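The values are calculated or read from the model by the stated rules, or taken from the named source; none is laboratory data. Note that the coordinates shown come from a computational prediction; the quantities given were computed from them, not determined experimentally. So basically every Cβ, Gly included, is an ideal-geometry build from the backbone, and we count neighbours across all protein chains shown.
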Amino acid sequence: MVNVSFSQALQALVELGRQYLERPTAGSDIEKFASRCRDLVSLLGEASGTALASEIVDRYLDLPSDRRLEALARLDRDFAPDAAGISDAARKFLSSPTQESYRDLAIAMETPRLELFRRLNMAPGGTAAIVNMRRLLLPRMRGTPELQGLEYDLKHLLSSWFNRGFLQFERIDWRTPAIVLEKLIAYEAVHEIGGWDDLRRRLAEDRRCFAFFHPALPDEPLIFVEVALTHGLAARIHDLIEAPFDGAADDKPGTAIFYSISNCQEGLAGISFGNFLIKQVVDALQTELPHVAQFATLSPVPGFRNWLDGLADEDLPHQILEDARKVPDGGDWCGDDTARERLRPILTRLCATYLLTAKRGNRPADPVARFHLGNGASIERINWEADLSTRGIEQSFGIMVNYLYDPGRIVSNHEAFAVDGRIAASSAVSRLAADHHGR
């Protein structure tokens with residue numbers, strides 16, 4: 001029996017369909033690109049459609065980066081919603097809300113862009129190209145608000161294509177193909193991986209790494225989490241990362257520390273995978289290592305310093321503002337033992353207050369806190385001198401946080417946070433924040 005992969009079959013379909021395609025008329029590269037896109041949405045044949053989609057993807061990728069944005073702007077104009085058609089369908093539905101009028105309204109609401117991108121997705125590499133289109137758009141949304149509709153359509157499609165039902169959960173270890181391991185080094189966003197020796201240490205027997213993949217991007221992790229197996233909560237990131245592995249076979253750590261979670265694909269920003277990943281990692285570790293009973297993170301507090309710098313303009317209790325005035329602007333205090341001890345109670349109190357009270361809308365202002373609390377964790381401990389790197393000092397004065405994932409409380413914590421905005425925290429953290437109101 002001949003084993004033919006899906007990608008091979010798709011490529012064969014492309015080659016078969018090429019003979020049915022007419023060459024585009026003369027014009028600029030953008031005009032040729034737009035013309036072929038119009039041809040694509042009008043084709044009925046699957047083979048010719050797949051071949052044409054492949055040609056369009058190739059044309060797009062051959063454009064210089066600055067011209068790609070011009071090509072996307074052209075698609076935004078040429079395949080915009082039919083405002084008159086939507087208005088007409090909406091009036092008919094309002095006057096006679098039947099199943100048929102609802103169907104007609106739903107069809108009218110679908111922008112031609114959606115059909116175009118669905119057909120482009122037929123091409124080999126089409127999914128990756130569409131993800132990269134959105135990656136190009138996202139940082140330019142403020143300067144080109146007219147492209148927001150195009151970005152909305154791309155996010156709508158990608159949210160469907162990358163929902164949890166399509167994702168593949170895999171453990172990554174030293175036997176994983178090198179092409180994927182290289183991506184880990186490149187995509188690590190929290191604690192830089194310093195080459196292959198560092199990566200080998202992070203994949204040792206007292207470590208775990210898990211990732212989500214998508215069938216259309218087989219060698220591209222979407223998100224991955226690095227885990228350290230320890231005895232008790234870890235308090236300092238450098239001790240955790242740089243700890244040598246002694247290889248003790250009979251060692252049975254009781255705690256799993258999630259110390260790095262990295263989203264890998266910029267074009268999938270805003271499409272959440274992390275909540276599903278953490279829950280699945282907990283389940284996998286409980287199955288593999290039943291002696292691991294505690295699951296927690298060692299996480300940065302990236303918004304802390306910015307919040308503190310802006311406190312002068314806030315209407316806050318006197319004690320918070322008084323503490324804030326005691327914090328020096330520069331980083332000279334880091335090398336002074338006396339200054340560090342003097343600032344320790346002040347900054348840990350302020351950090352607890354920040355995590356429990358600072359808001360963006362009705363959710364925590366800190367993005368890492370928002371992520372973990374939304375996934376059902378609780379704020380367990382604030383760690384002083386946990387990250388003394390330049391980045392750690394600049395973001396949070398070296399403070400890091402343990403978020404605790406208690407399997408018995410994840411669901412109730414998540415529900416309380418989602419419904420009421422209630423933040424689960426240990427009594428120690430709550431007392432630190434209460435000091436600002438009780439002293």
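Scanning the range 341-375 for residues that are over 23 Å from His238 (Cα atoms), touching a Phe, Trp or Tyr at 6+ places or on another chain (Cβ under 7 Å) and not aliphatic (A, V, I, L, M) yields a total of 2.
Among the residues of the range 341-350, those that are surrounded by fewer than 17 Cβ atoms within 10 Å (Cβ to Cβ) and either of a type in the set (D, E, K, R) or in contact (Cβ under 8 Å) with a residue 12 or more places away in the chain (or both) comprise Glu341, Arg342, Arg344, Ile346. Applying the set (1) touching a His at 6+ places or on another chain (Cβ under 9 Å); (2) small (Gly, Ala, Ser); (3) at positive phi to Gly374 leaves exactly one unmet item: (3).
Scanning the range 190-202 for residues that are without any contact (Cβ under 8 Å) to a residue 60 or more places away in the chain and either assigned to a helix (DSSP H, G or I) or out of contact with any helix residue (DSSP H, G or I) (no Cβ under 8 Å at 6 or more places or on another chain) (or both) turns up Glu192, Gly194, Trp196, Asp197, Asp198, Leu199, Arg200, Arg201, Arg202. Candidates in the range 122-176 are the residues that are touching a residue at least 40 places away in the same chain (Cβ under 8 Å) and among the basic types (Lys, Arg); of these, the one that is farthest from Arg74 (Cα to Cα) is Arg171. Scan Thr353, Thr357, Thr338 and give me the residue that is of a type outside the set (Asp, Glu), buried (at least 21 other Cβ atoms within 10 Å of the Cβ) and assigned by TED's automatic domain parsing to the domain that holds Ala428. Only one candidate passes the filter, namely Thr353. Of the residues making up the range 263-276, not a single one is within 21 Å of Ile399 (Cβ to Cβ), of a type in the set (A, V, I, L, M) and touching a residue at least 24 places away in the same chain (Cβ under 8 Å). Screening the range 263-281 for residues that are farther than 13 Å from Tyr187 by Cα, touching a Lys or Arg at 6+ places or on another chain (Cβ under 9 Å) and assigned to a loop (DSSP other than H, G, I, E, B) and picking the one that is modelled with the highest pLDDT gives Ala269. Evaluated against (1) in contact with a helix residue (DSSP H, G or I) (Cβ under 9 Å, 6 or more places away or on another chain); (2) small (Gly, Ala, Ser); (3) surrounded by fewer than 17 Cβ atoms within 10 Å (Cβ to Cβ), Ala324 falls short on exactly one condition, (3).
Looking only at residues in the range 352-374 that are modelled with pLDDT of 90 or more and of a type in the set (S, T, N, Q), the one that is farthest from Gln395 (Cα to Cα) is Thr357. Counting the residues of the range 291-313 that are surrounded by 12 or more Cβ atoms within 10 Å (Cβ to Cβ) and modelled with pLDDT under 85 gives 1. Inspection of the range 215-232 identifies at least one residue that is acidic (Asp, Glu), buried (at least 21 other Cβ atoms within 10 Å of the Cβ) and modelled with pLDDT of 95 or more.
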